[in-house]
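The values are calculated or read from the model by the stated rules, or taken from the named source; none is laboratory data. These numbers come from a predicted model, not from an experiment. Here the Cβ positions follow ideal geometry from the backbone for every residue, glycine too, while neighbour counts run over all protein chains shown.
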Amino acid sequence: MLRLAILTLTICSVLASTSRSDWPQFRGPGGNGVADTSESLPADIGRDSSALVWRTPLPKGHSSPVIHGERIYVTGIIDKSLQIFALSRSDGSIIWTADADCEELESIHRIGSHATPSVATDGDVVVSLFGSTGLMCHDPEGHLLWHRQMGPFNNSFGAASSPLLVDNVVVMVQDHDADSFLGVYDKQSGKTVWRAERPNSRRNYATPCIWTVAGQQQIVVAGSAQVSGYDFKTGRVVWTIRGVSRVVNTTPVVGDDNRLYLACTGGSETEQPVFSEVLLTSDDNNNGTLEPGELPKSPIRNFFAQFDRDASGSLDIYEYNSIREIFSLSQTVAMAVRPGGKGDVTDSHIEWRQSQSIPRNSSPLYHDGTLFLVKDGGIASSLDARTGKILHRSRMAGTGNYYSSPVLGDGKLYVVSERGHVTVISTGPEWARIADGTFGEDVYASPAISHGCVFVRTVSQLYCFRQ
């Protein structure tokens, strides 16, 4: 009996310890997309690659693979059934499947998925999020530990931001057309530690990142024309910067110089007329609000349903002004931010701005003083992280959209287009293409790198490649 207890304790300790080879969340350790590895990785990856170790059919889903030890975790949907999957890293076999029950599925974008957020794990628990179900926590063997019901959220495009596991808490942001918030939850029980409302944030899809400044952790959230740093312990807003895109899909990253980097474009960038002017000329029924048919042709009219927060069928002055402010501040931009700011640091802590070749969905990647960006159309750029100057820009093999974010390991940057074209490039400032390949089907998930392997999820398969 004693021997069995010791063996059980040993297994649990191994499961719960995180190694430098693990890929524990969306975009790996720290969410930066960079693998902490010295192992050689293959350059030749794709459907017919000689480096292919295994591939496993999976249900549809856009969540990126997350790896801890011998387990890979992804989510998917079969018919209307939402599920979490644990697979063997060695051979791709499915070890267990857990259902995520929900009363109804939310609306999603035409190319979206109800299984878009990636899971997070520390080897002790596996935390998943479906917009239709809220947060779920399982142990490594697939047993449900707790469930925080949330959603469906008020967003016709669905939920996409992934949860994080940090210091025994779960961090989650949900920006939608109403009731946007940032929340922190106890890992063991799911109970709320704190919740910060984001009253003027509309639909955004970026996963937050953690930034340690002067020994104190901050949760950085970008969305609705501004980026904010929240105190990790209390949820208090420490600083804000005005002037990012109206809709943010990309995740900020922290460089080894401890500067924050972000790049985003999304939504219109136009100054809208003030409410009183529109009311004077367009309020045909004289009720003091604006219905869709009364609004002049404008971005606000085009996206009326997103801004009618109380679903009354009209915009009052508060609703109109809040979205007018977002439109007026919105910018397509890449930027570097110095640490240490308090309050509004728009004019004091932005190191540089850049407005060329900015990605819509693909998150930036920082490595060794260089910032890499991949724009729709397959345009990849390297920027000097000190100055924002573009050092090199060229086209990838795939020329369509890029929803997958780049990842890096062994001096190789892996970039995958929506149509499944993969380009591997070197990581120097004057980078070069090393190899091209194709998966022959769409890819929305970001690759993962773990234990000397590269993992790529397509719409129907999970692939493992090894040198």
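Going by the conditions given, is GLY313 over 30 Å from ALA380 (Cα atoms), at pLDDT 95 or above, in a loop (DSSP other than H, G, I, E, B) and of a type outside the set (A, V, I, L, M, F, W, C)? In short, no.
Scanning for something under 24 Å from GLY158 (Cβ atoms), in a helix (DSSP H, G or I) and outside the structural domain of ARG198 (by TED's automatic domain parsing), does the range 279-291 turn up at least one residue? Walk me through it before giving the result.
So in the range 279-291, the residues under 24 Å from GLY158 (Cβ atoms) come out as none.
So far as the range 279-291 goes, no, none of its residues is under 24 Å from GLY158 (Cβ atoms), in a helix (DSSP H, G or I) and outside the structural domain of ARG198 (by TED's automatic domain parsing).
Just to be sure before I move on: is HIS109 modelled with pLDDT of 90 or more, exposed (fewer than 15 other Cβ atoms within 10 Å of the Cβ) and within 23 Å of the chain's Cα centre (by Cα) in the structure I sent? Explain how you work it out, then say what you get.
Details: modelled with pLDDT of 90 or more: yes; exposed (fewer than 15 other Cβ atoms within 10 Å of the Cβ): yes; within 23 Å of the chain's Cα centre (by Cα): yes.
When the stated conditions are applied, HIS109 passes them.
Among the numbered conditions (1) touching an Asp or Glu at 6+ places or on another chain (Cβ under 6 Å); (2) surrounded by fewer than 17 Cβ atoms within 10 Å (Cβ to Cβ); (3) modelled with pLDDT of 95 or more, the only one that LEU52 does not meet is (1). Kindly indicate whether any position in the range 299-308 is at pLDDT below 95 and loosely packed, with under 15 Cβ neighbours inside 10 Å. Yes: the range 299-308 contains one or more residues that are at pLDDT below 95 and loosely packed, with under 15 Cβ neighbours inside 10 Å.
If only residues of the range 63-92 that are out of contact with any Gly (no Cβ under 7 Å at 6 or more places or on another chain), of a type outside the set (Asp, Glu) and in a loop (DSSP other than H, G, I, E, B) are counted, the one that is farthest from ALA120 (Cα to Cα) is LYS80.
Any residue that is at pLDDT 95 or above, in the same structural domain as ARG110 (by TED's automatic domain parsing), not in a strand (DSSP E or B) and not aliphatic (A, V, I, L, M) - is there at least one of those in the range 421-428? Among the residues of the range 421-428, not one is at pLDDT 95 or above, in the same structural domain as ARG110 (by TED's automatic domain parsing), not in a strand (DSSP E or B) and not aliphatic (A, V, I, L, M), which makes the answer no. Identify all residues within the range 106-146 that are over 20 Å from SER81 (Cβ atoms) and either outside the structural domain of PRO24 (by TED's automatic domain parsing) or not in a loop (DSSP other than H, G, I, E, B) (or both); write none if there are none. Selection gives ALA120, THR121, LEU145, TRP146. Applying the condition of being among the aliphatic types (A, V, I, L, M) and in a strand (DSSP E or B) to the range 93-105 and asking which residue is farthest from PRO140 (Cα to Cα) yields ALA100. Note on the range 196-214: among residues that are touching a helix residue (DSSP H, G or I) at 6+ places or on another chain (Cβ under 8 Å) and among the polar types (S, T, N, Q), the one that is surrounded by the most Cβ atoms within 10 Å (Cβ to Cβ) is THR207.
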